Each structure stands twice: as C-alpha cells, then as structure tokens.
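Step one of this worksheet: look at the structure below.
The values are calculated or read from the model by the stated rules, or taken from the named source; none is laboratory data. The structure displayed is predicted, hence computed values, not measured ones. Here the Cβ positions follow ideal geometry from the backbone for every residue, glycine too, while neighbour counts run over all protein chains shown.
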Amino acid sequence: MRLRTYIGILIAFLGAIAVAYLTHQNRTLLYEEFHVTPSATVPLWLAFVLLLAVGLLPSTTALFVQNLRRELVNRRDRRLGREAESLKAIFRRALDLQADGQWRRSVLELEALLKERPDDFSALLHYGEALRHLARLDEAIEVHRRATVLYPHSVALLYELAEDYDARGDAPVAQEVRARIQRDFPGMGLQLLRKRRTAAMSAHRWDEAARLQESIEAMLREGGDTAGLEAETRSAQGLEYQRGVLLLELDRAEEAATRFRDLLQREPQFIPAAIMLGEAELLRGEEEAALAEWRKGYELTGNPVFLQRIEDYFIEREEPARAIEMLRGLISSAKNDTLPRFYLGRLYYRLEMHDEALRELEAVGDRILTSPTYHYLVARIHERRGEMRRAVEGYLACIRQLGLDRADYVCKVCRSRHSEWSDRCESCGSWNAIELDFEEERLSPELLGIRETPAWGPPEESGEFSVAELLKK
C-alpha cells in the first residue's frame, strides 16, 4: 500500500469518527424541522445532505468524466504503442531476413506489416525490392508504382522502380525513370545511390554494391558527367576486385584470374589484385606463374608484401632453400636491394642460420639504422650466439628508435605535452603543473608513491589563484 493511500484512508476514518461524534452531540438539533415550503418540512440533517449533494454533484461528476476520459485515452495510447512496437519488430525482422538473403520469408513479414499499414513508405520500398529478388517482377513494379503515387517526391522509390524495369528487361523505361530523377531531383539520385553503395560495402554485400556502382555510372553517363565518371574509377576497380575474390572463394580460379588480369592491365600498381592473381594461379596448379606474378609485382611497386608472401609460401611448403634462392635472385636484379636483403636476413634468422642472417642484415645496416625491427633482429641474433654485450647494445638501439627512453611530460591543467620538465607551462601559464605522463607510462602516481600537488593556473581551470592575474593588479 502506498503512503498516500494509507494517509487518505486514515483521514477518512478519522473524519467518519468526527462526524459520528458531532451527530450524536447534536442529534436534537439535526432532527429539527426544516421548512421547504410553508406546508412541507424535512429534517434539518436531510436538508443539509441535499444541499451538499447539489453543490458537489456537478463538480464531482465533471471530475469523474474527465478522469474516465483520460484513462480511456491512456489505454488507447498504450494499445497503439504496443501495436506500433509490434509492427516495428516485424519490419526489423524483415530487414534482417533480407540481409541474410531470405527474401521469401521477408516478403511474408512485410505482407503482414502492410496488412496493418498499407501505405507505409519503408514497407512498400522493401517489399517491392524483395519481390524483385524473387523474380516476381510485375508485382514489384506494381508495388513501387503505387508507392510513387503515394510519395511522388521520393527518389528512393523511383530508383527502385528503375531497378524493377531493368530486371524485367525494359531498359528504355528504366532509362526514362532515371532521367526523371536527374531532371526533377538533380544530385539527389546520385547521393542516394552512393549512400546505399557505402552501406552495402560496409556490410560486405559486394554484389549489391557492384549493382549500385553500375547504376551510379549509368546516371553519370546519361548526364554527361565525365569528371564524375573519372572520380568513380577507384570504387569501380575496388568492387571489380571484390568480385574476383568472390570467384576465388567459389573455386572459379580461371574466371578470377581473368578478372585480376583485367584490373592489372588498367592499373598495374593495384597490389591486392597482383597478390590475388598469384593465389588464383596457385589454385589452378600453376606455381611458377604465381611466383612470377608476385615477383613482377615487387619489381613494379617495390612493396614488401610480395616478399612476405613469397617467403610464407615456401615456408608453408617447407622449401626454405627455394625462398632463399628467389630472394637472392631479387637482390642481384634489384636497383635497390635493401628490402630483399633485409627479408633474406630475416629468413635466415627464422631458419636459425645466425651467421648468414647477421651478414645480410649488417650489409644494409647503415641504410636502415632508424628501423627498430632491424636492431631487434640483430640483438636477438647476438643473444642466441651468446654475445650478450652486443645484444644489449642492439636492444638499447631498438629502445631508442622506439622512443621508449624519452620521458614525456604533460601539464595537468591544460594537458599540453612537453618534451622535458619545466617549472611553468607556457601554454596556460600554470606553475607546478608539469608532471610525468603517467597514462603513457601505464603507471599511476599512487602506485609510485607520488603525492598530488596543487597547480597554480587560471582559476576557472585549476581551482587555484592565478599568479599572472595577481601581477596585473
């Protein structure tokens, strides 16, 4: 029981006791005759009750009706809210089914939603799309045409309608619809398509993204936007590459290799296509062709990912001698042998051939002295050979190149960074505020036993008085 209810009952009980007591004390008075007319009388208590009822009944009735109306409205709103949430759940379920490629089940969910809300924009949009994926093209066109009547300013519906006509083979009609989008909504059609393409790419729905890319290019060609087509080249190549990857995953290596070759013919420095072309050749059983593609890719771009892939391939096949032979061949033919020699030294290190590894790494040491990895590998080799002093020197050089030997300081008032400690922060003017950046060191001041000290800076930031302000007064 709530406190308010308890207090109400208590007051009513006390009121009843008080009324009973007063009635008993004044019973003679209450039974006196009260003249309603010269000839008609009623007891005084009855007249009092009738007068009270006449005074309170209208306001009490109005209050009751008002509360009843409010309660009915609240019940209706709750019912509608539950129905709305149920319909939203149906819609979300339909979208999830579409994302999983379960178009038939998605259609059933959307039909249930449209039965309750036949004019719902999102439901009509996705219902027509699902029908198109099920090859129910006439129904899809009818749904989207009806939706464009209800929502004549929707670019998304017009775009879906064009897709419906394309799927049915009515290319001229689809072109007319796209021309209408460009005419009536300049710029919005492309914006919508690009937004949907980005969403499809983020979800790795590459087929859908490629289809949207084709639509974008078609609209740009129809509008004569040469600069826009040029800007779309990179996205188109990326999606073409993803199609090749999908073919490779389906063991259609020949088709994948053809697609990667086409890409490399247009953009010879497209490294992912070169790597995957080698993978396609391997899947076809053409090892020499794969190695030739990776070698060609390195010679053309100088990118070490090709060297890494060659090394991994031979290590996986337990043929390190062939890896060494190929890296030596690259060293002899390269204009700059730094990377292949470094990878050869690292390969020797992996194979526990420490003398050979040290020889190759020291041959390029003067060119890569700023590389922490170089110093670390050299230090590891010296350590395994028992040369601890030289190993320590290597580790220290690695630490220096990583910057771990330099302490960073930070102002605890304005958080500006400093390379060395100072008595005053030049950024905010606070004294006693420069301290070691314990967050970077992954240590807490409390753990180190350092006590908190006040910082003297602007009062609105540090809570202390400002010496600079005092000097101005």
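Among the listed residues 311, 325, identify the single one that is touching a residue at least 12 places away in the same chain (Cβ under 8 Å), acidic (Asp, Glu) and within 27 Å of residue 362 (Cβ to Cβ). Give the steps one after another, and end with the answer.
On the way: 325 fails: touching a residue at least 12 places away in the same chain (Cβ under 8 Å).
Just a single option satisfies the conditions, and that option is 311.
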Among the residues of the stretch 161-190, what is the count of those that are in a helix (DSSP H, G or I) and either among the small types (Gly, Ala, Ser) or under 20 Å from residue 238 (Cβ atoms) (or both)? 7
Taking the stretch 105-140 as the region of interest, how many residues are assigned to a helix (DSSP H, G or I), more than 14 Å from residue 95 (Cα to Cα) and basic (Lys, Arg)? 2
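Determine, yes or no, whether residue 87 is more than 27 Å from the chain's Cα centre (by Cα) and not in a loop (DSSP other than H, G, I, E, B).
Numbers: more than 27 Å from the chain's Cα centre (by Cα): no; not in a loop (DSSP other than H, G, I, E, B): yes.
No; evaluated as a whole, the condition is false for this residue.
Among the residues of the stretch 246-262, write down those that are assigned to a helix (DSSP H, G or I) and of a type outside the set (Gly, Ala, Ser). Before the answer, list the steps.
Start the filter on the stretch 246-262 by keeping residues that are assigned to a helix (DSSP H, G or I), which leaves 246-249, 253-262.
Result: 246, 247, 248, 249, 254, 255, 258, 259, 260, 261, 262.
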Scan the stretch 419-435 for residues that are touching a residue at least 24 places away in the same chain (Cβ under 8 Å) and part of a loop (DSSP other than H, G, I, E, B) and report the count. 6
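Name the single residue that is nearest to residue 132 (Cα to Cα) among those in the stretch 153-200 being of a type in the set (D, E, K, R) and modelled with pLDDT of 85 or more.
Only one residue tops the list, namely 164.
Taking helices (runs of 4 or more DSSP H) that fall entirely within the stretch 295-361, which contain at least 2 residues that are over 28 Å from residue 264 (Cα atoms)? First the steps, then the outcome.
Working: elements: 304-316, 320-333, 338-350.
By residue number, 320-333, 338-350.
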Residue in the stretch 399-406 that is surrounded by fewer than 13 Cβ atoms within 10 Å (Cβ to Cβ), basic (Lys, Arg) and either at pLDDT 85 or above or farther than 15 Å from residue 357 by Cα (or both) present: yes
Just to be sure before I move on: is residue 68 surrounded by 10 or more Cβ atoms within 10 Å (Cβ to Cβ) and closer than 28 Å to residue 129 by Cβ in the structure I sent? no
Of everything in the stretch 340-368 that's of a type in the set (Lys, Arg) and more than 18 Å from residue 387 (Cα to Cα), which residue is surrounded by the most Cβ atoms within 10 Å (Cβ to Cβ)? 341
For the stretch 416-424, check the following and say yes or no: at least one residue is surrounded by 13 or more Cβ atoms within 10 Å (Cβ to Cβ) and aromatic (Phe, Trp, Tyr). no
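Residue by residue, here is whether (1) of a type in the set (Asp, Glu); (2) assigned to a helix (DSSP H, G or I); (3) buried (at least 16 other Cβ atoms within 10 Å of the Cβ); (4) touching an Asp or Glu at 6+ places or on another chain (Cβ under 7 Å) holds:
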residue: 201; (1), (2), (3), (4): no, yes, yes, no
residue: 204; (1), (2), (3), (4): no, no, no, no
residue: 230; (1), (2), (3), (4): yes, yes, no, no
residue: 244; (1), (2), (3), (4): no, yes, yes, no
residue: 264; (1), (2), (3), (4): no, yes, yes, no
residue: 269; (1), (2), (3), (4): no, no, no, no
residue: 275; (1), (2), (3), (4): no, yes, yes, no
residue: 292; (1), (2), (3), (4): no, yes, no, no
